[in-house]
1. Hand me the list of helices (runs of 4 or more DSSP H) wholly inside the stretch 261-376 holding 2 or more residues that are modelled with pLDDT of 95 or more, within 22 Å of Gln59 (Cβ to Cβ) and open to solvent by 30 Å² or more (accessible area, probe 1.4 Å).
2. Which of (1) at pLDDT 95 or above; (2) assigned to a helix (DSSP H, G or I) is the odd one out, the single condition Gly232 does not satisfy?
3. Restricting to the stretch 63-79, what's the tally of residues that are buried (at least 19 other Cβ atoms within 10 Å of the Cβ) and part of a loop (DSSP other than H, G, I, E, B)?
4. Quick one: in the stretch 32-62, which of the residues that are open to solvent by 30 Å² or more (accessible area, probe 1.4 Å) and aliphatic (A, V, I, L, M) is nearest to Ala9 (Cα to Cα)?
5. Looking for something in contact (Cβ under 8 Å) with a residue 40 or more places away in the chain, assigned to a loop (DSSP other than H, G, I, E, B) and among the hydrophobic types (A, V, I, L, M, F, W, C) - is there at least one such residue anywhere in the stretch 236-251?
6. Looking at the stretch 176-195 only, could you name the residues that are open to solvent by 10 Å² or more (accessible area, probe 1.4 Å), of a type in the set (A, V, I, L, M, F, W, C) and not in a loop (DSSP other than H, G, I, E, B)?
7. Among the listed residues Ala173, Ala104, identify the single one that is of a type in the set (A, V, I, L, M), surrounded by fewer than 23 Cβ atoms within 10 Å (Cβ to Cβ) and in a helix (DSSP H, G or I).
8. Among the numbered criteria (1) under 21 Å from the mean Cα position of the chain (by Cα); (2) more than 17 Å from His100 (Cβ to Cβ); (3) of a type in the set (A, V, I, L, M), which one does Leu156 miss?
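The values are calculated or read from the model by the stated rules, or taken from the named source; none is laboratory data. Everything quoted here is computed from the prediction, not taken from an experiment. Ideal geometry is used to build each Cβ from the backbone, glycine not excepted, and the neighbour counts take in all protein chains shown. In case anyone asks, the SASA skips ligands and DNA or RNA and just uses the protein heavy atoms, side chains included. Shrake-Rupley method; radii C 1.70, N 1.55, O 1.52, S 1.80 Å.
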Amino acid sequence: MELPGTVRARTPEETWETLAGRLGRYGITRVADLTGLDCIGLPVWTAIRPASRTLSTSQGKGATDLLAKISAVMEAIELWHVEQPLPVAAHDTAREIGPHCPLAALPLTGRYDAGVLERMVWEWTAGSGLVGGDKVLVPVDVVRRRVQRPEWSPDLLRATSTGLACGTTRDEALLHGLFEVVERDVLYRDGQAGGRRRTYIAPDSVGDSYAREVIERLTAAQMALEIALVEGPYRLPVALAYLWSEDLPAVFAGGGCHTSPAIALTRALTEAVQSRLTVISGTRDDLRSEPASADQVPAFRPAQRTRLADWHQATAHYNTVGGTFADQVAATARRIQHVTRHEPVALDLSEPAGPVHAVQVVAPGTRSRITRSMPR
């Protein structure tokens with residue numbers, strides 16, 4: 001089902017009816033509307049989990065209040081699922097149990113010899129390959145956070161939220177997890193290349209109706225805006241957006257990936273808005289709030305002022321991936337395998353008979369930035 005800025009398996013009303021009565025199950029005690037704390041007016045909501053073992057607040061954005069509320073709740077539910085113990089299928093060395101697991105291609109905390117990694121004893125959990133469909137064993141520590149690991153466990157694998165996703169169907173969750181893997185790997189590659197993979201776009205050339213609405217709201221709120229498409233090896237559109245304003249003189253960034261360039265862009269734009277509201281909502285009353293003088297406000301300097309690309313020309317080479325969610329999952333997984341030479345694997349984190357499907361996509365050979373910022 002196509003909605004402004006997204007595609008979902010069910011209507012927002014059906015999804016909220018499924019979730020509303022089960023928030024307490026996931027430790028969510030409050031859901032709040034943050035939109036009015038800023039002057040932009042794009043819906044941003046937050047879900048609060050006081051007893052969380054990771055993040056106690058999760059933010060969500062969307063074209064409507066209901067979509068933003070669902071987004072925040074789903075983000076919180078994702079984290080709840082990843083905090084639960086994963087079933088351990090085996091406890092042995094990679095040479096004995098997981099000879100096909102490319103340990104050196106997983107996110108590591110440092111540089112380690114591949115032979116040493118293969119001889120170490122790991123706890124393994126079962127996933128499923130997203131190309132061949134076979135059962136695949138991966139180390140539990142690729143998902144399990146440091147605070148959840150046994151004291152004897154060496155801190156060699158870096159667990160991240162990359163590829164963590166929820167959906168009302170398994171394929172919906174898988175597709176969003178795969179998109180996040182692609183987005184973060186492309187942005188990592190761009191960062192390693194010093195930002196040279198970016199094509200800066202003229203905002204007034206964007207023709208998609210919802211993207212235009214978002215851009216017009218930002219312009220009306222006197223935001224300085226910079227948008228770019230980032231070229232990657234996956235042949236999928238990845239967008240970047242940066243916001244800045246004099247009333248809060250910091251740069252806020254957002255990224256997005258989708259088979260539709262317009263949806264990738266609106267995800268990046270609304271994520272930047274969400275990042276700004278996250279900072280605003282977290283500001284404490286006891287912090288200094290005297291307005292800075294004009295000469296103290298750092299100016300926003302666009303990375304490129306002239307020869308900005310036309311949106312339609314910059315996106316013309318992308319081929320739309322159609323079909324069902326399952327079709328798009330298969331096509332995206334094959335693209336990742338073609339680039340990395342490793343099959344992406346899905347770990348099923350879902351509760352039995354739960355109202356949502358939770359997965360984490362593990363894609364050996366992909367990378368994501370360690371810092372939370374998206375450098376300009």
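1. 261-282
2. In the conditions (1) at pLDDT 95 or above; (2) assigned to a helix (DSSP H, G or I), Gly232 misses (2) alone.
3. Here the count works out to 1.
4. Within the stretch 32-62, the match that is nearest to Ala9 (Cα to Cα) is Leu55.
5. yes
6. Answer for the stretch 176-195, where residues must be open to solvent by 10 Å² or more (accessible area, probe 1.4 Å), of a type in the set (A, V, I, L, M, F, W, C) and not in a loop (DSSP other than H, G, I, E, B): just Leu187.
7. Exactly one of Ala173, Ala104 is of a type in the set (A, V, I, L, M), surrounded by fewer than 23 Cβ atoms within 10 Å (Cβ to Cβ) and in a helix (DSSP H, G or I), namely Ala104.
8. That leaves (1) as the condition not met.
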